[in-house]
Structures are given as structure tokens and as C-alpha cells.
Amino acid sequence: MQNPVTVEVTRGSLVESRHRGMAVVVDGAGKVLFQAGDIEAAVFPRSACKAMQAIPLIESGAADAFGLTAKELALSCSSHSGEDEHVSTAAGMLAKAGRDVSALECGAHWSSDQKTIIHQARTLEAPNALHNNCSGKHSGFICTCVQSGWDHAGYIGYDHPLQAEIRAVMEDLTGAALGTDNCGVDGCSIPTYAAPLKGLAHGFAKMLTGTGISKTRADASRRLMEACMAEPFYVAGTGRACTKLMQIAPGKIFAKTGAEGVFVAALPDHGVAMAVKCEDGTTRAAESMIFALVARYFEAGSPEREALMALANRTMKNWNGITVGEIRATDAMFA
């Protein structure tokens, strides 16, 4: 099936670009409450599933053994901007496990945020692995390995016991069979698995409600999601979409972006989770889609809904500050 146009980009009075996509809202029992496009299509969740990947950090006892704070748990689920607070928090997690930056196998890169990279260029000769947007997740991985008695060397490999544990968690949550046939390598070098978009959303609905999973897993899920909602800066960073979304309604929205146009969110007051995928992988469209979907669950005229809709349909300006058009969610997101 052809996915609908979910986001339009205008210039002047004309539509300049169109983005097609898929979107779904699911409750804890797996009931589909909203759908647009092919929600059974397999997608790589990329970083959108980091809270799922962090569950072994809690279930292994590592989070308690090393006294990890809410900020550190949020960072373990993050795709951070490499700001100084992110870097020092990741280093602190490693230190609690008796390790340092040399244990990280995620690679190094400069920040993708303009202000942060300018700061880095002024203060660093080169970035190290702590500046990688996935360093919090990887620091959590190393904590899990140390607590579990596994050699953390090679922890990014498909056959490492840590990755086998993560794979089992994700199968439990998404209901999808995950293996070499639907496995790729993520940007930070760990395995990433393609699963149906509906399954991805249902997995987060299970995490949110505890439906269909063990009490231990439900407790771990709730702890991670609550940490992210309490410390949204540590999930992304200054001016980032995940952080903005959770700050609009503190404690009422969990959100996480992923590369190539994926975004997930979960709403505790409603017991639902949602996932979107922009077909062409464009982040601006995925952000507009998720803001529009979340807005549906806030009362018309409320400050939260107004703020969400302002982000779903946002003005574009040029370098002189002149309004040139807008990015807007289409009627497909409001059917």
C-alpha cells in the first residue's frame, strides 16, 4: 500500500515538499486506536528504542548496585547533544562501575547541535567516545556487563550475552522474532532490529501499562520512563525535540526520537503509546507527526495542546528572519 502524505512543507502559498509516512497509536492490550499508512511494515527503530535496550540495566541490578540517579538513567536512554553535562554524567556512570572512556565501543563524533559543536571546537582538539550521542546508553551497557560478571570487551557484538539479553527483551515487548535476518548495525555499532511499527508502539504501551509483561519488567520500564520524564534534558538536550515534548507537559509525556524519521511517545494518563516513521527518513517530518499525534490527547484550547500544535505546524524563516513557509501535519494525522 502507498503511505499517505503526512507532512507538507510550504514556500509562499505553494507546497514545495511532501513527506509520506506511517503512524499508529496502541494501548497496552495491543488495540489500535489510530493508524495511518502501513503500520505492519518493518522499520528499524534506531535510537527510538533505547529505553527498551536499557531494561537490562535495571533488571540486572546494576542501576541499584551502582546507585544510578534519575539523570543517569535518563542518559542511559538518550541520544544526547554532547553538552558538558551529558559528557560528565556518562563519565560518572562509568566511574561508578570502575571503568572509564576506554571501555566505550561506540566511536566518537562531534555534536550535531550547532551551538554545542562550536563550543566543542573551541575547547577540544577532538571529541572522544563520551561525546558520542549514545555514550549514556553504552555506559549503561558497561554497568550491566560489570554487574552481570560479563567481560565488557566486545559488548557491541551480536553474540555477546548483553546483546542476546537486549534481543530477548525487545522480542518480549514488540512481539516480533528478531535475529540475523532482520538485523542491521546501528550508528553506534550495536545490532538494530527491524520490527513492525505497530509492534514498536505496542512494546512501549506494554512498558507504560505493564500489560502482558512480568512485574519485574514492568517495574524496570516504569522506572526508566519516569526518569526520562523527570530529566528530559538528559534524554536529548537544549532545544531538542524530545526534551521540548516532555517539557510541555511534565510527567505526562515520554518521548524518544530515532534516526531516519522514527519517533515514539507514550502518555501515562491515557495508557497509550505511539510510533511514527517518515518514509523518506526526514527528521523534520517525524517531529511534526509525533507532535500532532500527542496533541490529540490534550484538551482543545489547553496550553499543552496549543504548544504541541505550534510545533506540529511550525513557521520557517530564512537567515534574515523573514517568514518563507511552514512545516505542517496534514489531515492524515487527524483523521
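The values are calculated or read from the model by the stated rules, or taken from the named source; none is laboratory data. A quick note: this is a predicted structure, and the numbers were derived from the prediction, not measured. Positions of Cβ are generated from backbone atoms using ideal geometry, with glycine treated the same way; all protein chains shown enter the neighbour counts. With ligands, DNA and RNA removed, areas are computed over all heavy atoms of the protein, side chains included. Shrake-Rupley method; radii C 1.70, N 1.55, O 1.52, S 1.80 Å.
Summary of values
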read-out	value
Identity of the residue in segment 170-195, of a type in the set (A, V, I, L, M) and under 22 Å from A90 (Cβ atoms), that ends up most open to solvent (accessible area, probe 1.4 Å)	V185
Residue tally, condition under 13 Å from V235 (Cα atoms) and assigned to a loop (DSSP other than H, G, I, E, B), over segment 81-99	3
Scope segment 229-238; condition out of contact with any Ser or Thr (no Cβ under 8 Å at 6 or more places or on another chain) and open to solvent by less than 60 Å² (accessible area, probe 1.4 Å); matching residues	M229, E231
Qualifying residues in segment 292-307 (those that are charged (D, E, K, R) and surrounded by 13 or more Cβ atoms within 10 Å (Cβ to Cβ)) - the one farthest from the chain's Cα centre (by Cα)	E306
Count of segment 160-191 residues which are assigned to a loop (DSSP other than H, G, I, E, B) and over 20 Å from the mean Cα position of the chain (by Cα)	3
Qualifying position, being open to solvent by 60 Å² or more (accessible area, probe 1.4 Å) and either within 18 Å of I39 (Cβ to Cβ) or touching a strand residue (DSSP E or B) at 6+ places or on another chain (Cβ under 8 Å) (or both), among A329, A335, A286	A335
Condition met for A241 (surrounded by 24 or more Cβ atoms within 10 Å (Cβ to Cβ), touching a residue at least 24 places away in the same chain (Cβ under 8 Å) and under 12 Å from the mean Cα position of the chain (by Cα))	no
Residue within segment 87-96 that is closer than 27 Å to C278 by Cβ and open to solvent by 10 Å² or more (accessible area, probe 1.4 Å) present	no
Which numbered condition L162 misses (of (1) open to solvent by less than 10 Å² (accessible area, probe 1.4 Å); (2) more than 15 Å from H80 (Cβ to Cβ); (3) touching a Leu at 6+ places or on another chain (Cβ under 9 Å))	(3)
Which listed residue, of S78, S102, is crowded, with 24+ Cβ neighbours inside 10 Å and either modelled with pLDDT of 95 or more or not in a helix (DSSP H, G or I) (or both)	S78
Qualifying position, being within 28 Å of D181 (Cβ to Cβ) and acidic (D, E), among E40, E8, E16	E40
Residue in segment 147-158 that is open to solvent by less than 10 Å² (accessible area, probe 1.4 Å) and over 29 Å from A29 (Cβ atoms) present	yes
Out of H119, H131, sole residue that is open to solvent by less than 50 Å² (accessible area, probe 1.4 Å) and over 30 Å from D38 (Cα atoms)	H131
Options I142, I118; residue that is outside any loop (DSSP other than H, G, I, E, B) and within 16 Å of P56 (Cα to Cα)	I142
Index of the failed condition, M246 passing every other in (1) closer than 16 Å to S47 by Cβ; (2) without any contact (Cβ under 8 Å) to a residue 24 or more places away in the chain; (3) surrounded by fewer than 21 Cβ atoms within 10 Å (Cβ to Cβ)	(3)
